[in-house]
Amino acid sequence: GQADPSLPPDRGSCSGCGAELQCCDAAAPGFVPEEKYRSLSAGQRGATCQRCWLLAHHGRALRLRLPPEQHRQVVSAALRRPPRHGRGPLLLYVLDVLELPDPVLAQLPVLLGPDVPVAGLLVVGNKVDLLPADGPGHLARLRRMVVEACEGAGLQQAQLVDVRLVSAKTGFGLEGLVSRLQRSWKCAGDVYLLGATNSGKSTLFNILLRSDYCKSRAPDIVDRATVSPWPGTTLNLLKFPIINPTCDRIFRRQERLKEEAAKTEDQLGNEEKKYLNQLKKQGYLVGEVGRTFRRQKAVPVVDFDPDLLSYSIDEDPRDSPRKHEEREEFTYNEVKDARWCFDTPGIVKENCVLNLLTEKEVKLVLPTHAIIPRTFILKPGMVLFLAALGRVDYLQGEKPAWFSVMASNQLPVHISTLDNADAVYEKHAGQQLLKVPMGGEERMKEFPPLVPQDITLKGISATEAVADIKLSSAGWVAVTAHAEEEVLLRAHVPKGTALVVREPPLLPYISAIRGARIPGTAAYRTKKLPSLVENLRTTGKT
C-alpha cells in the first residue's frame, strides 16, 4: 500500500495495538495504506493498522521504526496521570516465569518513581502451563521464587498485594485471579497491565475481557488486542470497563463456579470436550474461564423483499445490498463513572536474543506448547548445542553429569565433542542441523559470534539440579551433578545477549522426567507428563 503524507491522522486508533491510525509513513506505527485509509470514517472503531492485520491474518510481522524508549514513555505517561476517583491505580505486573529472574522487574521501581500514585501491585506469574511438575509442590516453589524475585528487585512488601500463578493461554488460575481482584480491589480504581514484551499481557487482557471481570456488554463492543510472538505488538493503551462486583454478582458468580466444579469431564458437551482436549495438548495445566453475566442478545429480524428475489429467465439473480452493520457503543451512563483495565505496551528487554532474530526464527524459539524436557548424560570433553543460539561445554569433572534442556520443542539439540565443536558450528550454523538462525552463510555473516563464559558448579545429588544455565531467552540447561562433585563448564551465547546462571534452578528435579537411555547415545528418551485440569471433578470421586 502507498503512503500519502497529505492525509491527516484523524481516523482514530488501531483496535489491535492502540497506535494512532495514519497514512503518512509506512514505517511508523498505525500505518494504513491510502486506499483503505480514505474509506475509514473519522474515529471509526474496529479498524486495524496494516501491521496488526498482517499479524492476525498471515502471521507476518512488519519491522517498525520505533525509538527505543517509546514503549517506556507511553507506560510512564499513563501511570503519571492524575488519580481518577480519588485513588491511584492497581498495577497488574505480568511476569513470564520462564524468564526468571525477570529482566524488567528490577526497572519497575525506577519506572514508577515517587511521583506515581500507585495503590498496589499484584504480580501475575504467567506461562506456568509450559512447565512440567518436577515434584510435589512445584507451583508453591515457583510462587516463592517469584516473591523472592520481587524482593530482589526492591519492590516494597507494603505495595505487593499478592502473587498469582496463571496461564493466560490455557486459562489455568484465571478464575482465581478474577476472584482475588474482585475481593480485594473491587472497583476502587483503574487497573494497568504492565510487563516485558512477550510476557503474555495482551493474551491476559483478551481473556479478562471475556470473563466476569469486565462489564457484560464489553466483549461485544471492545475489540481484542492483537496477540503475536513478535516482541512489542502493543504500541499504545487498550482498555475495557471493569464490572462492579456487587454482593449479588459475587453470589451468582460463586454459584456458577460451584456448579462447574461439581462437573466431571464426561459431563461436558462435545464442543467443550474438543476445546479442552486442544488445551491439554498445549499445556500441562488447563483451566476454564466462564462468564456469569451474559447479556441476552436480541434475535435478528430478517428483512424479506420479494422484488429482489424475482428475476426473469434472461436476467441474472440480483444480490441483496448489504446493510451497513451498526457497531454497538457504550451508553453515557455505562462509562461516566467506569473503572478501566488498560493493556500497556510491553517494555523491551535489553540484551535479549529475540532482538536478533527474524519473525520465522522467533516463532521457532518461543515455546507455544508444553515443554518436553530433553536430558543427556555427558562426560568431560563433550559439548551440547541448543540450535546455534547457545552452547555448553563440559570441561572438567570426575564423573558424568546430566544436562536437561528446557526450550521450545522445535529447537534442535546437538551433542558433539570439544575437539569437533567449533567445526560443527562453522559448518552447520544457519543450516538445517542447528536450524536457528536460518539463512545459510549470508545470515550468519550478520549474526553476532558466540561469546564464552566459564562457570564452576558443585553438585547436590544425582537427582537434584544445582543450577540452570539460561541462554538468554532461547531456553536453559539444568545441570545435575553428583554430590560435592565440582564441574567446570563453559557456556556460550551470542555477543550482546545475557547469560544467566540461575541458582537455585527453576525445576530442580527435572532430570527425573525422562525415559530409558537410548543405546549408543548420550540421550534419554523423552517423557511428557499428563495434563491437569482445574475446576473439574476427577472422574470416579464423589
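Net charge in the neighbourhood of residue 534 (other residues with Cβ under 10 Å of its Cβ; Lys, Arg +1, Asp, Glu -1) is -2. Distance cut-off 29 Å, Cα to Cα: go down the list 127/360; 239/281; 363/527; 427/495; 281/435; 215/528 and report the pairs above it. Over 29 Å Cα-Cα: 239/281; 215/528.
How far apart, in nm, are the 7 Å Cα→Cβ label points at residue 249 and residue 372? Going by the 7 Å Cα→Cβ label model, 4.4 nm.
For the stretch 405-493, the carbon plus sulfur part of the accessible surface works out to 48%, probe radius 1.4 Å. With an a/c value of 1.5 or above and a/b not larger than b/c for the gyration tensor axes a ≥ b ≥ c computed over the alpha-carbon atoms, the stretch 127-181 is described as oblate. The gain in end-to-end length when the residue 486 to residue 274 segment is fully stretched comes to 71.4 nm, 0.36 nm per residue minus the alpha carbon separation.
Classify the stretch 411-474 as rounded, prolate or oblate from the Cα gyration tensor: take a ≥ b ≥ c as the square roots of its eigenvalues, call it rounded if a/c is under 1.5, otherwise prolate when a/b beats b/c and oblate if not. It is prolate, given that a/c is not under 1.5 and a/b is the larger ratio. Our estimate of slack between residue 537 and residue 38, defined as 0.36 nm per intervening residue step minus the Cα-Cα distance, is 174.2 nm. Stretched out straight at 0.36 nm per residue, the stretch from residue 256 to residue 420 would grow longer than its current Cα-Cα span by 52.9 nm. Computed over the alpha carbons of the stretch 354-530, Rg followed by Dmax gives 15.3, 46 Å.
Residue 399: which lysines have alpha carbons under 20 Å from its alpha carbon, excluding same-chain residues fewer than 8 sequence positions away? Reachable lysines: 379, 458.
Rounded to 0.05, the FRET efficiency of the residue 529 and residue 6 pair, given R0 = 51 Å and the Cβ-Cβ distance, is 0.30. Per residue, the stretch 354-530 exposes an accessible area of 43 Å² to a 1.4 Å probe, with every protein chain left in place. Summary of packing: across the peptides 189-201, 455-467, the per-residue average of other C-beta atoms within 10 Å ranks them, highest first, as 189-201, 455-467. Which net charge results for the neighbourhood of residue 493, defined as the other residues with beta-carbon distances under 10 angstrom from its beta-carbon, given Lys and Arg at +1 and Asp and Glu at -1? Residues near residue 493 contribute +3 overall. Each of the peptides 263-269, 95-101, 31-37, 138-144 was scored by the mean count of other Cβ atoms within 10 Å over its residues; in descending order, highest first, they stand as 95-101, 31-37, 138-144, 263-269. Normalised by the number of residues in the stretch 404-542, the average gap of Cα pairs under 8 Å and 6 or more apart makes the relative contact order 20 percent. Taking the average, over residues, of other Cβ atoms within 10 Å as the packing measure, peptides 335-342, 433-440 rank 433-440, 335-342 from highest down. Could you work out the local net charge near residue 463, counting Lys and Arg as +1, Asp and Glu as -1, over the other residues with Cβ closer than 15 Å to its Cβ? Net of charged neighbours comes to -2.
The values are calculated or read from the model by the stated rules, or taken from the named source; none is laboratory data. In this text the structure is predicted, and so the values were computed from the model without any measurement. Note that each Cβ is placed from the backbone with ideal geometry, even for glycine, and that neighbours are counted across all protein chains shown. Ligands, DNA and RNA are excluded from the accessible area calculation, which covers all protein heavy atoms including side chains. Shrake-Rupley method; radii C 1.70, N 1.55, O 1.52, S 1.80 Å.
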